[in-house]
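Here's the structure we're looking at; comments come further down.
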Amino acid sequence: MEKNALCCECDLIHADVVERVQKNMPAEDELYDLADFFKVLGDSTRTRIMWALDESEMCVCDLAALLHMTKSAISHQLSALKQADLVKSRRDGKNVYYSLADDHVRQLFERGLEHIRE
């Protein structure tokens, strides 16, 4: 790769572009929250849980069996996913079932998987 391949060689600032992008840029706290959102997905165990829940609603016991992990470890990861609003839970008697929070989460997860498979 050329030494300056990642840097442009112009001295001209495209003020109109900079101004337009700056005007549309989200607030700093929103970008911080977005970075945190992606950090939650940056853990391979949580990603595996997300994949499983993309396939089917599951309880902690089923997730633990599927991923060869303890129920405690699964619960810990589900807590992080739930706090990030990526999964939701519902109680049915003594059982608690988990699923992806909504179609936006499902689409985000599936698009990410599609992207890395290209």
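Readers should treat all values here as calculations from the given coordinates under stated rules, not as data from a laboratory. Bear in mind the structure is a predicted one, so any value in this text is a computation, not a measurement. Neighbour counts run over all protein chains shown; Cβ positions are idealised from the backbone, glycine included.
Provide the gained length on full extension for the span Glu110 to Tyr97, in nm with one decimal, where the gain is 0.36 nm per separating residue minus the Cα-Cα distance. Numbers along the way, then the final one.
Values: separation 13, 0.36 × 13 = 4.68 nm, distance 2.09 nm.
Value of the extension gain: 2.6 nm.
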Please work out how much length the chain gains when fully extended from Lys88 to Leu12, using 0.36 nm per residue of separation minus the C-alpha to C-alpha distance, in nm with one decimal. 22.4 nm
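Can you count the Lys pairs in the chain whose Cα atoms are under 29 Å apart, with each pair 8 or more apart or on different chains? Could you put the intermediate results ahead of the total?
Numbers: Lys23/Lys39; Lys39/Lys71; Lys39/Lys82; Lys39/Lys88; Lys71/Lys82; Lys71/Lys88; Lys71/Lys94; Lys82/Lys94.
The result is 8.
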Return the whole-Å distance between the Cα centroid of segment 79-118 and the Cα centroid of segment 11-52. 20 Å
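From Cα pairs below 8 angstrom and at least 6 apart in sequence, can you work out the relative contact order of the chain, rounded to a whole percent? Walk me through the numbers before you get to the answer.
Values: 73 pairs, mean separation 24.3, N = 118.
Relative contact order for the chain comes out at 21 percent.
Per-residue counts of other Cβ atoms within 10 Å, averaged by peptide: what ranking do you get for 111-117, 87-93, highest first? Mind dumping the intermediate values first?
Values: 111-117: 9.3, 87-93: 12.1.
Listed from highest to lowest mean packing, they are 87-93, 111-117.
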How long is the gain from Ser75 to Asn24 if the chain were fully straight, where each residue apart is worth 0.36 nm and the alpha carbon distance is subtracted? 14.5 nm
Helix-only mean residue ellipticity at 222 nm, the chain, DSSP H runs n ≥ 4 weighted -39,500 (n - 2.57), per residue, nearest 500. What is it? -19000 deg cm²/dmol
Quick one: helix 44-55 against the long Cα principal axis of the chain, what's the angle to the nearest 10°, folded into 0 to 90? 70 degrees
Using 7 Å Cα-to-Cβ label points, what is the Leu31/Glu55 separation (nm, one decimal)? 3.9 nm
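Given Cβ point charges of +1 (Lys, Arg) and -1 (Asp, Glu) and nothing else, what value in debye, to the nearest 20, does the dipole of the chain about its Cα centre take? Please report the intermediate quantities before stating the final value.
Details: 15 positive and 22 negative charges, 166 e Å.
Rounded to the nearest 20 debye, it is 800 debye.
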